[in-house]
Every structure is written in C-alpha cells, then in structure tokens.
Amino acid sequence: MCKVVEISESGKKLDVRGMFCPEPMFKTNIELQKMQVGEILTVLTDDPAAEDDITEFCSKRGHELLEMKKNDKDLEFTIKKVK
C-alpha cells in the first residue's frame, strides 16, 4: 500500500515499502509531477532495486538527490524537484 503524507508546506513523504520494481519509481515520478519546483519529496522503500532505479531516475529527469540513507532493509531518499 502506498501512503503519501504532507510533512510541511514544502515537502511530502511517500511510503512505498512493500512495493517492488518498478512501482517505487513510478509512484515517485507521479508524486514529483504533482509538486512544485523546489519542493522536497522523501521516499521510503524496502525494494533493493530502488537504490539504482531512483538514483538513475533523478539523474535522467534532472531532480536533485539530496540524500540516500540505508537503515537495515529500508532505504530513504530525499529528492528536491528541480524542474
């Protein structure tokens, strides 16, 4: 189940734990499309493929990957919408 939480006026948190490739990347793309330039999206996932998928997605789409954290099986990406 995908869960989106508004964490502030300039940011959202997207929880896609339990979903596997390509769903975390697709859900990330959908949320970023809804956001304004400069807003921050935090993505939580437990899909091991997401590390490469989301990193490459940000690079190709021109979004800024501010941070990636690993905590046991979970990955947390902090992405700034640039365009």
Q: Please name all residue pairs, on different chains or six or more residues apart, with Cβ atoms under 7 Å, provided the first residue is in the range 39-65 and is at positive phi and the second residue is surrounded by 13 or more Cβ atoms within 10 Å (Cβ to Cβ).
A: none
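Being among the small types (Gly, Ala, Ser) and either in contact with a Pro (Cβ under 8 Å, 6 or more places away or on another chain) or under 16 Å from LYS73 (Cα atoms) (or both) is the filter here; which residues of the range 8-57 pass it?
Let us first name the residues in the range 8-57 that are among the small types (Gly, Ala, Ser), namely 8, 10-11, 18, 38, 49-50.
Matches in the range 8-57: GLY18, ALA49, ALA50.
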Q) Here is a list of conditions, (1) out of contact with any Leu (no Cβ under 9 Å at 6 or more places or on another chain); (2) assigned to a loop (DSSP other than H, G, I, E, B); (3) under 15 Å from GLU23 (Cα atoms), and VAL82 meets all of them except one; can you say which number that is? A) (3)
**Q.** Qualifying residues in the range 10-66 (those that are among the small types (Gly, Ala, Ser) and part of a helix (DSSP H, G or I)) - the one nearest to the chain's Cα centre (by Cα)
**A.** ALA50
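Just to check your reading of the model, which residue among GLU67, GLU51, GLU39, GLU76 is surrounded by 16 or more Cβ atoms within 10 Å (Cβ to Cβ) and modelled with pLDDT of 90 or more?
Working: GLU67 fails: surrounded by 16 or more Cβ atoms within 10 Å (Cβ to Cβ); GLU51 fails: surrounded by 16 or more Cβ atoms within 10 Å (Cβ to Cβ); GLU76 fails: surrounded by 16 or more Cβ atoms within 10 Å (Cβ to Cβ).
Going through GLU67, GLU51, GLU39, GLU76 in turn, just one is surrounded by 16 or more Cβ atoms within 10 Å (Cβ to Cβ) and modelled with pLDDT of 90 or more: GLU39.
The values are calculated or read from the model by the stated rules, or taken from the named source; none is laboratory data. Treat the numbers as computed from the prediction; the structure is a model and nothing was measured. Every residue, glycine among them, receives a Cβ derived from its backbone with ideal geometry; neighbour counts consider all protein chains shown.
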